Protein chains: 2
Amino acid sequence: MPLRNREDLSIAYTPGVAGPALAIAKNKKLAYDFTSTKNGVAIISDGSAVLGLGNIGPEAALPIMEGKAVLFKRFAGLDGFPIVLATQDTEEIIAAVKAIAPTFGGINLEDISAPRCFEIEARLKKELSIPVMHDDQHGTAVVVLAGLINALKVVRKRKENVKVVVNGAGAAGTGITKLIALYGFKNIIVCDSKGIVSKSRKDLTENKKRLLKITNKKNLSGTLSDALRGADIFIGVSQGNLLKAEDIKTMANRAIIFALANPTPEIMPDIAKIAGAKVVASGRSDFPNQVNNVLAYPGIFKGVLESRAREISDEMKIAAALALAGVVKKSTADRIIPDPFDKRVVIAVSNAVKKIARR
Amino acid sequence: MPLRNREDLSIAYTPGVAGPALAIAKNKKLAYDFTSTKNGVAIISDGSAVLGLGNIGPEAALPIMEGKAVLFKRFAGLDGFPIVLATQDTEEIIAAVKAIAPTFGGINLEDISAPRCFEIEARLKKELSIPVMHDDQHGTAVVVLAGLINALKVVRKRKENVKVVVNGAGAAGTGITKLIALYGFKNIIVCDSKGIVSKSRKDLTENKKRLLKITNKKNLSGTLSDALRGADIFIGVSQGNLLKAEDIKTMANRAIIFALANPTPEIMPDIAKIAGAKVVASGRSDFPNQVNNVLAYPGIFKGVLESRAREISDEMKIAAALALAGVVKKSTADRIIPDPFDKRVVIAVSNAVKKIARR
């Protein structure tokens, strides 16, 4: 709003501002109509698990939150508020986010390390009445599920029959595993740095124990290589340079590889292809099929804010993944995921979310 | 930054954003150069003491913080981040502000009720290494002091000799009393809703007891009317419609009246003039001499941010007041305070602050 003279000033500030303030004081719901909460998403991090950089702290994480704010604006027209926190204590983070929550229409948690991220997100979802989403878990999961849906079409396999290996049991691995299980993948094995996550292990965190309820039903034990034998799909969200061509060769025919470690993938896409993989996705923009969270979170938040939904549900995430997959009209091995600059993406995702919200 | 293609995207977000992130991880001071902290001020309120509206809560206070952000941008080019808090507990507010502090270059506290505002500001100033200012105390005080400096010229009286009555011992009254005492006003009487604040009273808060160290040296007791008898200056920052023409008539010749209650002043400026006051200021834009905080806080924060000062000192506030007064080249009864749209204001105030910071 331009301020050119005293009259403008008296509208933008005192006494004009008393109008919306009094209206909201009488009816809190009007905050949506009269303030930036309608359009505002906090992008909150403690800088403890920045992709590819690790625990670099709040000051160093701020440029990443700022970049994300630029993307929110560019792709969904939303106003992102970068907020970095001077604490990595779970209770202090929850208290701080709850304290500032009336400022925002939604909360996007970012780059918070596992397992704290699970508790923080779960508590905030429960204790706040605005949408809260840890993007590293769910944004990634939505894009991966969309990519898998199209990849299965390319290799002509069905979600009920394939064996999936997820390497990494942190935020992304957990979010992906939960979402694809919910969508209908039946045979999922999760591996962490110690190998297959199984009941036989004594070193499992609460989060990994919970994952056992939806994975590894045959109670396999062993290494990542053991898990990969005969697998149809590999999804890597841990460290780079982990797989060799030989590992790919032990997998089933027409294998699907999502080598998402960043900036160095678990195996370079061209090597994976030569070793026999049919569809390869990565986190890199210089290969086909880039798994990029920007395909999901702008549309998801746009959808919940425009429909005034109070939370981002699992059903919305699956609807978002299906909508995102649907933007690719004819999937091929090199095109299972839409381009981030495809204008249909944010419309498809936000409309899918709004449809669930209305229901 | 426009994002037109994948290359732009890879600069604004991953992997480009790792550059500044890693640089800051190595040297936290670079956050000033590489993030919005350079230019960003949090405007934080719990909505407990909104001018003229009272304790309306965070949601209803948000439009006021948004309006203030517009003013920060318009007058100083700074990026204000409106933040409202879901708590009115002193310790929870302090914890929340400390948690989000690495996001900002400075903290502007706003519309937090007394006496909590004193503790909150004092603790945050001590525990944070970025400038913190409760504008209701200090922004107001700076503009009032600037106005008094010029008003004294008009009535040809000296700060050392005049008797000042401050009505209101909340945030504004306390900030004004402290600053004008520091500047050299010797004879100050503070009144609250129970009358003159004096040693004889048993109901004084800690804050009011502290004010006694710099006020009421003769230990007067009585009502506001008692205090006003013979006074040269009245500064009202409490409730409206408090003074009658007869009260003004008991004051010294060429009295100065700052009737700052908003939107209804303690006495209407034209009535005060007819009753004999020589200089009258108010909070209203439809009378001369509007005391408006926007004359002070944009320049003060611009000054400390540009000089990377770690706090806003008393010396800076006095320098800011003198600079602001100096913008009015020839003071008259109807012109003791500059126009907010006078471009020299923010330059004068920020330069004065920077000069102290450099020293």
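Is it true that A:PHE118 is in contact (Cβ under 8 Å) with a residue 40 or more places away in the chain and either away from every other protein chain (no Cβ under 14 Å) or surrounded by fewer than 24 Cβ atoms within 10 Å (Cβ to Cβ) (or both)? For A:PHE118, the condition - in contact (Cβ under 8 Å) with a residue 40 or more places away in the chain and either away from every other protein chain (no Cβ under 14 Å) or surrounded by fewer than 24 Cβ atoms within 10 Å (Cβ to Cβ) (or both) - is met.
All conditions in (1) crowded, with 24+ Cβ neighbours inside 10 Å; (2) more than 30 Å from A:GLU127 (Cβ to Cβ) hold for A:GLY299, with the sole exception of (2).
Conditions tested, residue by residue: (1) more than 23 Å from A:LYS302 (Cα to Cα); (2) among the acidic types (Asp, Glu).
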residue: A:PHE75; (1), (2): no, no
residue: A:GLY80; (1), (2): no, no
residue: A:ALA86; (1), (2): yes, no
residue: A:ASP89; (1), (2): yes, yes
residue: A:ALA96; (1), (2): yes, no
residue: A:ALA101; (1), (2): no, no
residue: A:ILE107; (1), (2): no, no
residue: A:ILE112; (1), (2): no, no
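In the range B:208-223 there is at least one residue matching the filter, namely being under 25 Å from the mean Cα position of the chain (by Cα), surrounded by 16 or more Cβ atoms within 10 Å (Cβ to Cβ), in a helix (DSSP H, G or I) and in contact (Cβ under 8 Å) with a residue 24 or more places away in the chain. Selection of first residues in the range A:39-50 that are closer than 16 Å to A:ALA101 by Cα and touching a residue at least 60 places away in the same chain (Cβ under 8 Å) and of second residues that are buried (at least 23 other Cβ atoms within 10 Å of the Cβ) and hydroxyl-bearing (Ser, Thr, Tyr), restricted to Cβ pairs under 8 Å at least 6 apart or on distinct chains, gives the following pairs, ordered by first then second residue: A:GLY40/A:THR103; A:ALA42/A:THR103. In the range B:266-289, the qualifying residues are those that are surrounded by 21 or more Cβ atoms within 10 Å (Cβ to Cβ) and at pLDDT below 95, and the one that is nearest to B:ASN351 (Cα to Cα) is B:GLY283. Out of (1) crowded, with 20+ Cβ neighbours inside 10 Å; (2) touching a residue at least 12 places away in the same chain (Cβ under 8 Å), the odd one out for A:ALA25 is which? Here A:ALA25 meets the rest and fails (2). For the range B:79-92, check the following and say yes or no: at least one residue is in contact (Cβ under 8 Å) with a residue 60 or more places away in the chain and either surrounded by fewer than 22 Cβ atoms within 10 Å (Cβ to Cβ) or out of contact with any Leu (no Cβ under 7 Å at 6 or more places or on another chain) (or both). No, that holds for no residue. Taking (1) over 17 Å from the mean Cα position of the chain (by Cα); (2) in a loop (DSSP other than H, G, I, E, B); (3) in contact (Cβ under 8 Å) with a residue 24 or more places away in the chain in turn, A:ILE257 satisfies each apart from (2).
The listed residues are B:VAL70, B:VAL50, B:VAL84, and the only one of them that is modelled with pLDDT under 95 and closer than 19 Å to B:ASP136 by Cβ turns out to be B:VAL50. Criterion first (within 15 Å of the chain's Cα centre (by Cα) and surrounded by 21 or more Cβ atoms within 10 Å (Cβ to Cβ)) does A:ALA352 satisfy it? Here the answer is no, as A:ALA352 does not meet what is asked. Under the condition of being under 25 Å from A:LYS153 (Cβ atoms) and assigned to a loop (DSSP other than H, G, I, E, B), the residues counted in the range A:230-252 number 8. Here the range A:138-156 is the region considered, the condition is being among the aliphatic types (A, V, I, L, M) and in contact with a helix residue (DSSP H, G or I) (Cβ under 9 Å, 6 or more places away or on another chain), and the residue that is surrounded by the fewest Cβ atoms within 10 Å (Cβ to Cβ) is A:ILE149. Touching a residue at least 40 places away in the same chain (Cβ under 8 Å) and in contact with a strand residue (DSSP E or B) (Cβ under 6 Å, 6 or more places away or on another chain) - does that describe any residue in the range A:346-353? No - not one qualifying residue is present in the range A:346-353. The single condition among (1) part of a loop (DSSP other than H, G, I, E, B); (2) touching a helix residue (DSSP H, G or I) at 6+ places or on another chain (Cβ under 7 Å); (3) away from chain B (no Cβ under 12 Å); (4) not charged (D, E, K, R) that A:ASN161 does not satisfy is (2). Scanning the range B:154-174 for residues that are among the aliphatic types (A, V, I, L, M) and more than 9 Å from B:ASP232 (Cα to Cα) yields a count of 6.
Looking at A:GLY240, A:GLY236, A:GLY230, can you tell me which residue is within 23 Å of the chain's Cα centre (by Cα) and in contact (Cβ under 8 Å) with a residue 40 or more places away in the chain?
Result: A:GLY236 is the single residue among A:GLY240, A:GLY236, A:GLY230 that is within 23 Å of the chain's Cα centre (by Cα) and in contact (Cβ under 8 Å) with a residue 40 or more places away in the chain.
Counting residues in the range B:103-112 that are out of contact with any helix residue (DSSP H, G or I) (no Cβ under 7 Å at 6 or more places or on another chain) and buried (at least 21 other Cβ atoms within 10 Å of the Cβ) gives zero. Take the residues of the range B:327-338 that are buried (at least 16 other Cβ atoms within 10 Å of the Cβ) and more than 17 Å from the chain's Cα centre (by Cα): which is farthest from B:PRO288 (Cα to Cα)? Ranking the candidates gives B:VAL327 first. A single entry from B:ILE43, B:ILE64, B:ILE94, B:ILE83 fulfils the requirement of being β-branched (Val, Ile, Thr) and touching a Pro at 6+ places or on another chain (Cβ under 6 Å): B:ILE43.
The values are calculated or read from the model by the stated rules, or taken from the named source; none is laboratory data. Predicted, not measured: the structure shown is a model, and the values here were computed from it. All Cβ positions, even for glycine, are placed from backbone atoms using ideal geometry, and neighbour counts span all protein chains on display.
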